[in-house]
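Mind looking over this structure? Questions follow.
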Amino acid sequence: MPASEVDTETGLLTDSFGRTARDLRVSLTDRCNLRCSYCMPAEGLPWLPDEQTLTDDEVLRLLAVAVERLGVRKLRFTGGEPLLRASLERLVAGAHQLVTHEGRPPEITLTTNGLGLDKRLSGLVAAGLDRVNVSLDSLDRQRYAALTRRDRLPDVLASLRAVEQAGLTPIKVNAVIMREVNTDDIVPLATFALERGYQLRYIEQMPLGPKHSWDRRQMVTAAEILEALGEHFTLTPLDEPRGAAPAELWQVHPTEQTPGGIIGVIASVSAPFCGSCDRTRITSDGQVRNCLFSQVETDLRGLLRRGATDDELALAWRGSHLTKGPGHGIDLPGFHQPDRPMSAIGG
């Protein structure tokens, strides 16, 4: 249906608290070529069989339903590691052909660990990729190898240089900070990003890794990160509306040694932003999750494979989103970590 014929005031992904999802996170695989300690055990996880993973055509059909019927404006491809999907360029190109209710292609971004991105970047940009977020938790090669269980830091840095040369700005770098693991990287990561014009995002560790491995007392909070930064930089809150963005942004003032720039902190645990959440998610096996921490999923893959119409898919998706809770509930009695780890949910 052409965007001009869509009633943009109805049929959106609005929950019972009045929040509307405009941002879709699409997991393309639960597999990853790193073994980050906060995400999965060293031996990896039992991966989904290929027949349970959405095909390219199924992914593209759900993207069309989301964008053209449900009002989604932003698409973020995630994993696992989305670069392990050999057809990623085709999916980006197909997504770029969609038309939002505003009459333009959706914004298309990629969250990746960066391994091999430099080799595929030109094809992804040609297909319509707008921007990337690259995960980088340490600049120390030994610490990076210990944390990810893979000695691949030079490859990540090469990919960041390639993104910079391609001009996909702003370049965002994600760093999960863990006590007694990589707190020594807080300031070096900031200096690295500021010197290159990247936008660093520190992320509080969330209970989404191996079962029983998360201890809130060991989590490095946003306040602690800002305190560490404050010993080396002058920061002031960015004076602009945050909207539904997960990161609280800070202006870093330039010094003689370091240029200024923007740094963000995502305080998902200590200062959750659930009240303004605008996200919905599809797992690589076609399950809708209306919250990262949801205990309930809606099976769109089953509907697809039983011959559901686009109207039926949209209705099921809207129904799922209507049940979205007020927040993730990490601080509430009875909170249970989702059965799926982060790699199987998608960021």
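Let me spell it out: the conditions are (1) in contact (Cβ under 8 Å) with a residue 24 or more places away in the chain; (2) over 19 Å from residue 27 (Cα atoms); (3) hydroxyl-bearing (Ser, Thr, Tyr), and residue 144 meets all of them except one. Which number is the exception?
(1)
Name, by its number, the condition in (1) of a type in the set (Ser, Thr, Tyr); (2) modelled with pLDDT of 95 or more; (3) closer than 21 Å to residue 245 by Cβ that does not hold for residue 276.
(2)
Follow-up. Starting from residues that are touching a Cys at 6+ places or on another chain (Cβ under 9 Å) and small (Gly, Ala, Ser), keep the ones in region 209-252 and report whichever is modelled with the lowest pLDDT.
The qualifying residue modelled with the lowest pLDDT is 209.
Output the residues belonging to region 46-91 that are acidic (Asp, Glu), surrounded by fewer than 19 Cβ atoms within 10 Å (Cβ to Cβ) and either at pLDDT 95 or above or assigned to a loop (DSSP other than H, G, I, E, B) (or both).
Answer for region 46-91, where residues must be acidic (Asp, Glu), surrounded by fewer than 19 Cβ atoms within 10 Å (Cβ to Cβ) and either at pLDDT 95 or above or assigned to a loop (DSSP other than H, G, I, E, B) (or both): 51, 56, 57, 58, 89.
Out of region 1-32, which residues are in a loop (DSSP other than H, G, I, E, B), buried (at least 16 other Cβ atoms within 10 Å of the Cβ) and at pLDDT 80 or above?
11, 12, 13, 15, 19, 21, 22, 28, 29, 30, 31, 32, listed by residue number.
Based on this model, can you work out whether residue 121 counts as without any contact (Cβ under 8 Å) to a residue 60 or more places away in the chain and of a type in the set (A, V, I, L, M, F, W, C)?
yes
While we're on this one: What residue, of 116, 94, 103, is touching a residue at least 60 places away in the same chain (Cβ under 8 Å) and either crowded, with 17+ Cβ neighbours inside 10 Å or over 30 Å from residue 180 (Cα atoms) (or both)?
Unique residue meeting the criteria: 103.
Another one. Return yes or no: is residue 249 free of Cβ contacts under 8 Å to residues at least 24 places away in the same chain, among the aliphatic types (A, V, I, L, M) and farther than 27 Å from residue 295 by Cβ?
For residue 249, the condition - free of Cβ contacts under 8 Å to residues at least 24 places away in the same chain, among the aliphatic types (A, V, I, L, M) and farther than 27 Å from residue 295 by Cβ - is met.
When residues of region 183-208 are filtered for being modelled with pLDDT under 95 and either assigned to a loop (DSSP other than H, G, I, E, B) or within 21 Å of residue 145 (Cβ to Cβ) (or both), how many remain?
Selection size over region 183-208: 5.
Starting from region 180-208, take each residue that is without any contact (Cβ under 8 Å) to a residue 60 or more places away in the chain and list its partners that are aromatic (Phe, Trp, Tyr) and in a loop (DSSP other than H, G, I, E, B), counting only C-beta distances under 9 angstrom and pairs at least six apart or across chains.
Qualifying pairs under 9 Å: 187/233; 192/198.
The values are calculated or read from the model by the stated rules, or taken from the named source; none is laboratory data. For clarity, every value in this text was computed on a predicted model and none was experimentally measured. Neighbour counts are summed over all protein chains in view; Cβ atoms, including those assigned to glycine, are modelled from backbone coordinates with ideal geometry.
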